[in-house]
Amino acid sequence: MANSQSGDSMVQRIVRILESFDGARTNQTPSEIARRTGLPVSSTHRIVGELVTSGLLEREEQGSVRIGLKLWELTTRGSRALGLRQLAMPFMADVQREIREHTQLAVLDEHEVLFIERLSDRDSGANITKVAGRLPIHASSSGLVLLAHSDPALQEAVLAAPLKPVSAETITDPRLLRDKLHEIRRIGYAFAPGSIESVSTGIAVPVKDPFGGVVAALSVVLPRGSEQEPTTVRVLKQAAAGITQAIRDSNFISH
Ligand code: PHB
């Protein structure tokens, strides 16, 4: 693959262009992309044009482009997230019917929590989680559950790095975080009041594969003060057990 003057391969330049689209920037002009990626304007225009021709980007009005449906189709079709999501959906719907707030399914990806599905009620309270959105591993209830059951090397790396607060109540002291992870393993769920937003509480349980490995976190986000912790945890644990059984029945291997 031909390299540019900066030493980037064509694939690296394409990846930089695609990664410049995020939750806050879904539409960009080629000039904006060039500015954000640091790629030369002329080659950005050319590569963007080719990505539009191939359907990976789509042209919008006023010269801007967005991620094309074809890219969504290709990535969704083959991803391990889709299989897990499909197996989990009926059980997420059960949680949603009983709790009537927000129900999320999340996986660990590169030291962050990636949300692969979210169900909400019309009258649900605040929730910043987005499908295909990420939250810090040490702050969200899903992240805490995934971290508590992750490789000890990842836990040590997270505990050693600065723990940035998302809200005033995010755990930022590594000793307190270590205790919290221990508690999560002991009681089987994470209870995170105000850790992301002062007005809401996240409650999450691990979703295990049939061999006991944790493949995802199932969580609800509730208005602070309305948690009904024992009932919510029972509903979540029942749904997580159902997902494990569905994984076993389908022979689905997530990694
Ligand atoms: C959580 O999982 O702890 C969580 C996520 C999103 C929110 C609030 C809490 O908006």
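Let's see how each residue does on (1) of a type in the set (D, E, K, R); (2) within 16 Å of the ligand (Cβ to nearest atom); (3) open to solvent by 20 Å² or more (accessible area, probe 1.4 Å):
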residue	(1), (2), (3)
148	no, yes, no
151	yes, no, yes
165	no, yes, yes
196	no, yes, yes
208	yes, no, yes
220	no, yes, no
223	no, yes, yes
227	yes, yes, yes
247	no, no, no
- Within segment 20-35, which residues are among the acidic types (Asp, Glu) and at pLDDT below 95? 22
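Run down 132, 126 and say which single residue is part of a loop (DSSP other than H, G, I, E, B), on the phi > 0 side of the Ramachandran plot and either open to solvent by 50 Å² or more (accessible area, probe 1.4 Å) or among the hydrophobic types (A, V, I, L, M, F, W, C) (or both).
Working: 126 fails: on the phi > 0 side of the Ramachandran plot.
Criteria check complete, one pass: 132.
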- Task: Output the number of the condition that residue 192 fails; it satisfies all remaining conditions of (1) open to solvent by 50 Å² or more (accessible area, probe 1.4 Å); (2) within 14 Å of the ligand (Cβ to nearest atom); (3) small (Gly, Ala, Ser); (4) not in a loop (DSSP other than H, G, I, E, B).
- Result: (1)
- residue 158 is checked against (1) open to solvent by 20 Å² or more (accessible area, probe 1.4 Å); (2) more than 15 Å from the ligand (Cβ to nearest atom); (3) of a type in the set (Val, Ile, Thr) and fails just one. What number does that condition carry? (1)
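Give the residue, chosen from 241, 217, 160, that is in the same structural domain as residue 107 (by TED's automatic domain parsing) and under 16 Å from residue 102 (Cα atoms). Working first, answer last.
Details: 241 fails: under 16 Å from residue 102 (Cα atoms); 160 fails: under 16 Å from residue 102 (Cα atoms).
Just a single option satisfies the conditions, and that option is 217.
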- Using the structure shown, decide if residue 205 is touching a Phe, Trp or Tyr at 6+ places or on another chain (Cβ under 6 Å) and under 19 Å from residue 111 (Cα atoms). yes
- Failed condition for residue 175, given (1) open to solvent by 40 Å² or more (accessible area, probe 1.4 Å); (2) within 14 Å of the ligand (Cβ to nearest atom): (2)
- Does segment 99-110 include one or more residues that are in a loop (DSSP other than H, G, I, E, B), in contact (Cβ under 8 Å) with a residue 60 or more places away in the chain and within 16 Å of the ligand (Cβ to nearest atom)? yes
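The values are calculated or read from the model by the stated rules, or taken from the named source; none is laboratory data. Quantities reported herein were computed from a predicted structural model and do not represent experimental measurements. Ideal geometry is used to build each Cβ from the backbone, glycine not excepted, and the neighbour counts take in all protein chains shown. Accessible surface areas use protein heavy atoms only, side chains included; no ligands, DNA or RNA. Shrake-Rupley method; radii C 1.70, N 1.55, O 1.52, S 1.80 Å.
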